[in-house]
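The values are calculated or read from the model by the stated rules, or taken from the named source; none is laboratory data. Computed from a prediction, not measured in an experiment: that's the story for all the values here. For neighbour counting, all protein chains shown are included, and Cβ atoms are generated from backbone atoms with ideal geometry for every residue, glycine included. The protein model used for the area step is the full one, side chains on, heavy atoms only, and it has no ligands, DNA or RNA in it. Shrake-Rupley method; radii C 1.70, N 1.55, O 1.52, S 1.80 Å.
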Amino acid sequence: MKILDNGICSISTLQASGYKEGKYGVSILYHENSTAAAVYTQNKVYAAPIDITRKHLENGKLSAVIINSGNANCYTKEDGMKKGLELAQLVADTLDIPVEDVATASTGVIGRQMPMDIIKPVAEESLKRLGNSRECASCAADVIRTTDLVSKECAVESTLNDGTVFRVAGMCKGSGMIAPNMGTMLAFIVTDLEMDKDTLQDAIRGSVQKSFNMVVVDGDESTNDTALLMSTNDVKGTVDDNFYEALDYVCTTLAKKIAKDGEGATKLIEVVCDGADSYDDAVVVAKSIVSSSLVKTAVAGADPNWGRIISAMGYSGVDFDPDNVSISIGSGDDNVVIVDKGTVTTYDDPEKLEAAENLMQKDELIIRVDLHEGSENATAYGCDLTYDYVRINAEYTT
């Protein structure tokens, strides 16, 4: 698998654009007669663009996506639907495609009507800038940011077992209001490998479970979350495990970028649960640890607090023997076992405690727990919880 540096425009026939004025931005992705599938938030309160996109993707056909930042178009009733469809119609008229072939997505403040007098001219300008270049890809990924500090992109090239070369490229946004329940952000993944809608649906659902659904920043599940996978159908070949590996790599890379860019975050946390009796048990334990506010604040303070970790494991609901658990702190190639099968190792070896404290100063941290109950494992991603998280969210609507 080869890493590419052209972002979403690594798919050579895809056109992308992005334009922003003030806090309002609009990105466009365009490839006529693509196939597509998506997964969405499970929040009972969901935004108008999700309603629109769900309906437009029923036949698995898609030609364009319009994404706006600055306003979530959520809890906006009938006016929200009308305004979302107005943006979709603008794209359809400009590109001469059916409005039913346009998907919509929004991110920003909830409960406020879309200021169409501002957003529509921004969308019109973005449409004028469609193209396939590094600049187009960068703009598309950048203007959908809200509290994100950095844009998030990933693209790879790989080969099927029969020798067919294909590509997968993606971009996403997400920083706060991130919790593990699909997918708690906006993500757009494009491949040039031909697929029908059912294969695409299975692929994005499976990959999301291992990537975006394993991210926790603050435990709040958003109302607008969409992860969309589209195929330009330019490359003919039989889908095999190499495609799923490439898709998982792109989605997991983007998921980790969301976790690392969590609001106010200074550290990326990976929590690995090994030795579980089942994969589901491993997922639950890993998420429980990475979701714990006490674990996250301990990470912020570089405190290897094994008590908070074992406590989060204990209330996860998974059955295990606490006296047989191992816990380690790592970063890069360095790793320190602080609990070995129920025995705290740092009591008799203060150097281990110091080494663990030093590792927790790093900006990328791995907490690994082993239940010693079986052979299944899972990894969750998150970040520390800092004073800045409170500041950012205390001032969000103003």
message: Rounding to the nearest 10 and keeping the result within 0 to 90°, find how far the Cα-based axis of helix 350-359 lies from the longest principal axis of the chain.
response: 10
- prompt: Round to a whole number: what % of the accessible area of segment 1-128 belongs to carbon and sulfur, probe 1.4 Å?
  reply: 47
query: Along the charge dipole of segment 246-398, which of Gly301, Ser331, Tyr347 sits closest to the positive end, that is, farthest toward it, with unit charges on the beta carbon of Lys, Arg, Asp and Glu (+1, +1, -1, -1)?
result: Gly301
26 Å Cα-Cα reach of Lys83 towards lysines, excluding residues that sit fewer than 8 places from it in its own chain: Lys20, Lys23, Lys44, Lys55, Lys61, Lys120, Lys128, Lys173
task: Take segment 1-92, compute every pairwise Cα distance, and split them into 5 Å bins from 0; I just need the percent in each bin.
output: 3, 11, 19, 23, 21, 14, 6, 3, 1, 0
statement: In degrees, nearest 10, the alpha-carbon axis of helix 197-210 is tilted away from the dominant principal axis of the alpha carbons of the chain by 30
query: Magnitude of the Cβ-charge dipole of the chain, K/R +1 and D/E -1, about the Cα centre, nearest 20 debye?
result: 1440
Structure-derived P(r) over Cα pairs in 20 Å bins from 0, in percent - corresponding label in (1) 26, 53, 21, 1; (2) 28, 58, 14, 0; (3) 29, 53, 18, 1: (3)
Most positive-pole-ward Cα, Ile11, Ala64, Val271, against dipole of the chain from beta carbon charges: Ala64
Charge dipole of the chain about the Cα centre (unit charges at C-beta), most positive-ward option of Leu149, Cys251, Val318: Leu149
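Normalised by the residues of segment 278-353, what does the relative contact order come to in percent, with Cα pairs under 8 Å and at least six apart?
Worked out over segment 278-353, it gives 21 percent.
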- request: At a Cα cut-off below 22 Å, give the lysines reachable from Lys341, other chains included and same-chain residues fewer than 8 away excluded.
  value: Lys287, Lys352
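Taking all protein chains as present, what is the carbon and sulfur share of the accessible area of segment 227-377, in % to the nearest whole number, probe 1.4 Å?
Numbers: 2870 of 6620 Å².
The computed percentage sits at 43.
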statement: With the 1.4 Å probe rolled over protein heavy atoms, the chain has an accessible area per residue in Å² of 41
